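The next block holds one structure in the form of structure tokens; read it before the comments.
The values are calculated or read from the model by the stated rules, or taken from the named source; none is laboratory data. No experiment lies behind these values; they were computed from the predicted model shown. Reconstructed Cβ throughout: ideal geometry from the backbone, glycine too, with neighbour counts over all protein chains shown. Remember, those area values only see protein heavy atoms, side chains included, never the ligands or the DNA or RNA. Shrake-Rupley method; radii C 1.70, N 1.55, O 1.52, S 1.80 Å.
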Amino acid sequence: MAEEQQQETTQGEMEAGGVNCLAYDEAIMAQQDRIQQEIATSIPLVSDRQELSVLQREYAVEDTIYQLKIKVSKPQESCITRFESQISSLFKAVAAKSKLDLVNQGFTEFTIEDFHNTFMDLLELCEKQPGLCELLGSFRDQSVSDYIVVYLRLLTSGYLQREHGFFQHFIEGGRSVKEFCQQEVEPMSKESDHIHIIALAQALNVSILVEYMDRGEGGSVNHHVFPEGSEPRVFLLYRPGHYDILYK
């Protein structure tokens, strides 16, 4: 009898421990959500144009690697922000056709139509060269921003799957291109890497140069052009977990 009571007590403790662990995990997740909300309300989705020197204040003085790379970058880049408003007719034509390309691949038109319409509306706005405040307001609108990001993720996924024979060689973990897209490309909040940039640049026929400011050896900032050998029109600064747009 005593043994049965002991077993019941142990089982109860385990269940209580499970509840406590669950409550702890939920508390952590709630705290992370609060932090994300605070960031969202205090930091705009698209910043005003800023001098590159602002980056120096983001890193400690004793962080010699980043401080040196920021100084090296200064003569080459003038300032940073989060968007570029020049829209070419070729880019617009490619963007307009992109929905049909996705539908032909099997994406549901009803599912992607609103995202594509928002994307094209924003291109129309940029083409009109509106005032800076109006343009920034559109990019800072969470609903517009999320729709644009969703559509660009779909475009990236579509191109990767169309060219799966090429991109399969760059995917690790034994996953297919489709599995990679479902897990790493289409979901929101997933970080973009080389493979995403290559695919999106080619899908939209836009040449992108990325300056990589990481903790790699040497005092210089390495850069790559996507696609290779093209003349870049968009310039990005990469820091771990974040991209800024650079103005030459």
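Key figures
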| quantity | calculated |
| --- | --- |
| Scan of segment 223-233 for residues that are open to solvent by 30 Å² or more (accessible area, probe 1.4 Å) and at pLDDT below 90, ordered by number | His223, His224, Pro227, Glu228, Gly229, Ser230, Glu231, Arg233 |
| Check on Leu123, open to solvent by 40 Å² or more (accessible area, probe 1.4 Å) and either under 23 Å from the mean Cα position of the chain (by Cα) or modelled with pLDDT of 90 or more (or both) | no |
| Positions within segment 175-199 being in contact with a Ser or Thr (Cβ under 6 Å, 6 or more places away or on another chain) and part of a helix (DSSP H, G or I), in sequence order | Cys181, Val185, His196, Ala199 |
| Test result for Phe107, assigned to a loop (DSSP other than H, G, I, E, B), open to solvent by less than 60 Å² (accessible area, probe 1.4 Å) and either touching a residue at least 24 places away in the same chain (Cβ under 8 Å) or within 18 Å of Gln182 (Cα to Cα) (or both) | yes |
| Candidate set: segment 79-102, residues that are part of a loop (DSSP other than H, G, I, E, B) and touching a strand residue (DSSP E or B) at 6+ places or on another chain (Cβ under 9 Å); chosen: the one modelled with the lowest pLDDT | Arg82 |
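Residues are listed down the side, and each one gets a yes or a no for (1) open to solvent by less than 30 Å² (accessible area, probe 1.4 Å); (2) at pLDDT 85 or above:
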| site | (1), (2) |
| --- | --- |
| Leu155 | yes, yes |
| His169 | no, yes |
| Ser176 | no, yes |
| Ile197 | yes, yes |
| Ser207 | yes, yes |
| Arg215 | no, no |
| Val221 | yes, no |
| Phe235 | no, yes |
| Tyr243 | no, no |
